[in-house]
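Undergrad: Below is one structure. I have some questions about it.
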Amino acid sequence: MNPKRVLVIAAVAAVLYTGVAVWVLNTFEVPPIHGAAWAFLVLAAVCQVSAKWFFGLLFRESVHEVGDELRPWSAFKAALVGAGVARLIPAGGAITPVGMAWTVRDETSRAAGPALRAVLLNYSGLLVMAGGGLLIARPREAAQIASVPMVVIAPFVLIVGLVLMFGSGRLRSLNRYLPGFIRTRLEASVANHPPRLESQLYLWARLLLEAGALWLVLEAFAVGVTGFQVMASFAVASIAGGLPGTPGGLGVTEVGLALILAAYGIPASITAVPIVVFRVISYWLPSALSLLAGGTTFLRSDAAKKSEIPTAATLTGSDD
């Protein structure tokens, strides 16, 4: 997608979200934020950034598996750019691997397969977290999807997540079933790499840190929830927000969070402000860092260096 179009989408979304945030803050009572609460909010931001670091390590591990090297800092920037693509472009999750591979294109030409694997593991982890969380922290029977209680759906979500998680280790075997133009782009960069201990550590560190950011924000506003309720709420809302539609599920994720927390007996009048604050931390902070990481990556790339405008001194020297 054209970078200018991405910036336009980001600008329009920021303006609209600012309007929504102002309306929420003026409509619902904002609980007082004491000193410890501010510390919780800062820690939530740290959790968000740290989660991207572990996602980068998951990507880096996959790159190593196909025989290439990738610096941890480069993998971190790729994770930030991937997060920004997912947030700033409608259905951006589908092209997140492209953004990640683009970020490290000057270091490795075999990043597409590893990026795809990292994204698949992330979605599979969300499914496992959603299914397991809903089974352990059961919402009210009134909480339904298409007239089916969420607790009934939870085991199927869990099973799909596990199948996707361990099926991701067979990408090379499955690649031959993909359309030709995709197969030719991926075949040199995918490997049968099961999600063993190292992969699991990076994956769950990323997901638990992001869920932990939600818990910290809710705690900052004195909204009492259990750990499994937070994990189920975060995972369900993230999956809903990942469906094609608004950029990064903007609006959909907020509604999803409000509904699932309401299913645990916490009304939207209490969670509206914390949800907006959480989304500023989980959506807008990574988006801003993504633009910064993507911009600096481009400016330092070989393509940017080749397109540099000659300076006056260079032009003078050429005339001599």
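Undergrad: Looking only at region 150-169, decide whether some residue is in a loop (DSSP other than H, G, I, E, B), out of contact with any strand residue (DSSP E or B) (no Cβ under 8 Å at 6 or more places or on another chain) and modelled with pLDDT of 80 or more. Don't jump to the end; show me each part of the working.
TA: Step one: filter region 150-169 for residues in a loop (DSSP other than H, G, I, E, B), giving none.
For region 150-169, residues in a loop (DSSP other than H, G, I, E, B), out of contact with any strand residue (DSSP E or B) (no Cβ under 8 Å at 6 or more places or on another chain) and modelled with pLDDT of 80 or more: absent.
Undergrad: Which of the residues that make up region 241-282 are in a loop (DSSP other than H, G, I, E, B) and within 22 Å of the chain's Cα centre (by Cα)? So that I can check it myself, show each step before the final result.
TA: Our first condition is that a residue be in a loop (DSSP other than H, G, I, E, B); within region 241-282, this holds for 242-246, 248-251, 264-267.
Hits for region 241-282 are G242, L243, P244, G245, T246, G248, G249, L250, G251.
Undergrad: Suppose the filter is at pLDDT below 90 and at positive phi; does A91 pass it? I'd like the intermediate steps shown before the answer.
TA: Values: at pLDDT below 90: yes; at positive phi: yes.
In short, yes.
Undergrad: I've got another one for you. Working only within region 224-265, note down all residues that are within 24 Å of V30 (Cβ to Cβ), surrounded by 19 or more Cβ atoms within 10 Å (Cβ to Cβ) and among the β-branched types (V, I, T).
TA: V225, V230, T253, I260
Undergrad: Part of a loop (DSSP other than H, G, I, E, B) and at pLDDT 90 or above - does that describe any residue in region 70-85?
TA: First pass over region 70-85, keeping only residues part of a loop (DSSP other than H, G, I, E, B): 70-71.
If we keep only those that are at pLDDT 90 or above as well, we get 70-71.
Among the residues of region 70-85, at least one is part of a loop (DSSP other than H, G, I, E, B) and at pLDDT 90 or above, which makes the answer yes.
Undergrad: Shifting gears a bit: Please work out which one of (1) surrounded by fewer than 22 Cβ atoms within 10 Å (Cβ to Cβ); (2) outside any loop (DSSP other than H, G, I, E, B) is the condition S109 fails and give its number.
TA: Only one criterion in (1) surrounded by fewer than 22 Cβ atoms within 10 Å (Cβ to Cβ); (2) outside any loop (DSSP other than H, G, I, E, B) is unmet by S109, namely (2).
Undergrad: Still on this structure, please answer the following. Within region 189-225, how many residues are basic (K, R) and touching a residue at least 40 places away in the same chain (Cβ under 8 Å)?
TA: 1
Undergrad: Is it true that L257 is under 16 Å from A83 (Cα atoms) and not charged (D, E, K, R)?
TA: Values: under 16 Å from A83 (Cα atoms): no; not charged (D, E, K, R): yes.
No, not satisfied.
The values are calculated or read from the model by the stated rules, or taken from the named source; none is laboratory data. Treat the numbers as computed from the prediction; the structure is a model and nothing was measured. So basically every Cβ, Gly included, is an ideal-geometry build from the backbone, and we count neighbours across all protein chains shown.
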